[in-house]
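Only one structure is covered here, and it is reproduced in the block below.
Readers should treat all values here as calculations from the given coordinates under stated rules, not as data from a laboratory. Because the structure is predicted, anything quoted here is derived from the model rather than measured. So basically every Cβ, Gly included, is an ideal-geometry build from the backbone, and we count neighbours across all protein chains shown.
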Amino acid sequence: MTSSAPLTQDQLKALVGRAALAYVVPGEILGVGTGSTVNCFIDALAELKDKIPGAVSSSEASTARLKALGIPVFDANAVGELAVYVDGADEIDGQGHMVKGGGAALTREKIVAAQSRRFVCIADASKKVPVLGRFPIPVEVVPMSAQQLVRRFAAMGGQATLRQAKGGSGALVTDNGQHILDVAGLAIADPLGFETQVSQWPGVVTVGVFAHQRAQVCLLGTPEGVQTLT
Ligand code: 5RP
């Protein structure tokens, strides 16, 4: 009798990255997100590069990876509505609401998602949750507003900390020149209401709850294979 080892998280990411190729629309510019799961998607996308004019990217890191594979990258302002946006998530619930921003790219991710008709989320099964908030919610903020916002989150029961750059060089600075607060201790029962409320606080650039820009499709990597949630 043979028994195969369970797939690792990296293998699940590669599996869903490849599965997302089925959602690429030939002839259409594609929206591309950020993160290790998206990196698997970009690597697989190289096979289809002659079928699409190129991509709109949500980060400097994804742009560099796309270009290295010979996939043209367009400025978001130079193109119209996109058919599909493919991106990962830090958490996703049963309605397609997500927490995003673990890779600090949430603002551009939300912009490209809003420019796209269909959000295809690719994630391994560990990202599926009943209620958002176990993963600290990333919030991109204007630096001078950070401590004011820490106090606002504390008043709703959250503990916000300023994300630090790797290597101990101080606060992380995003592609947009802003900072990130990571807010722990919140259970987001109403993702749409939470996103709407926090987005209005002065100094908030982007809250990493994606409810207005929720996923229409989620390709979830499970030990049994790719599960498609719609
Ligand atoms: C980056 C993101 C990523 O999509 C999210 O952090 C998931 O990343 P990974 O695929 O590496 O787990 O929102 O800002």
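Label-to-label distance for residue 10 and residue 224 is 2.7 nm, based on points extended 7 Å past Cα in the beta-carbon direction. Note on the chain: GNM, Cα springs under 10 Å; of 165, 76, 19, the largest mean-square fluctuation is that of 165. For residue 141, the residues 5 or more places off, or on other chains, whose built amide H falls under 5 Å of its own are 179, 180, 181, 205. For residue 28 and residue 142, the FRET efficiency from 1/(1 + (r/R0)^6), where r spans their Cβ atoms and R0 equals 41 Å, is about 0.75. Of 208, 170, 133, the residue with the greatest mean-square motion in the GNM of the chain, using alpha carbon springs below 10 Å, is 170.
Straightening the chain between residue 190 and residue 67 buys 40.4 nm, computed as 0.36 nm per residue apart minus the Cα-Cα spacing.
Taking 0.36 nm per residue of separation and subtracting the Cα-Cα distance, full extension of the segment from residue 212 to residue 111 would add 35.2 nm. Considering only 104, 155, 146, the Gaussian network model of the chain with Cα springs below 10 Å gives its largest mean-square fluctuation to 155. Here the Karplus relation 6.51 cos²θ - 1.76 cosθ + 1.60, evaluated at θ = phi - 60°, turns the backbone of the range 175-189 into coupling constants of 4, 9, x, 10, 10, 10, 9, 10, 10, 9, x, 10, 9, 8, 6 Hz, with x for every Gly and Pro. Counting only other residues whose beta carbon sits under 10 Å from that of residue 84, what net charge do I get with K and R as +1, D and E as -1? Cβ neighbours under 10 Å give a net charge of +1.
The separation of the range 3-62 from the range 163-184, counted between C-alpha centres, amounts to 26 Å.
For residue 30, nonlocal amide neighbours, meaning residues 5 or more places apart or on other chains whose placed amide H falls under 5 Å from its own, are 54, 55, 56. Footprinting exposure proxy ranking of 127, 67, 100, fewest other C-beta atoms within 10 angstrom first, gives 67, 127, 100.
Given the range 5-141, what percent of its DSSP beta bridges are antiparallel, to the nearest 5?
About 15 percent, rounded to the nearest 5.
Remark: the residue 51-residue 172 segment gains 39.9 nm on full extension, using 0.36 nm per residue and subtracting the alpha carbon distance. Normalised by the number of residues in the chain, the mean separation of alpha-carbon contacts (under 8 Å, six or more apart) gives a relative contact order of 22 percent.
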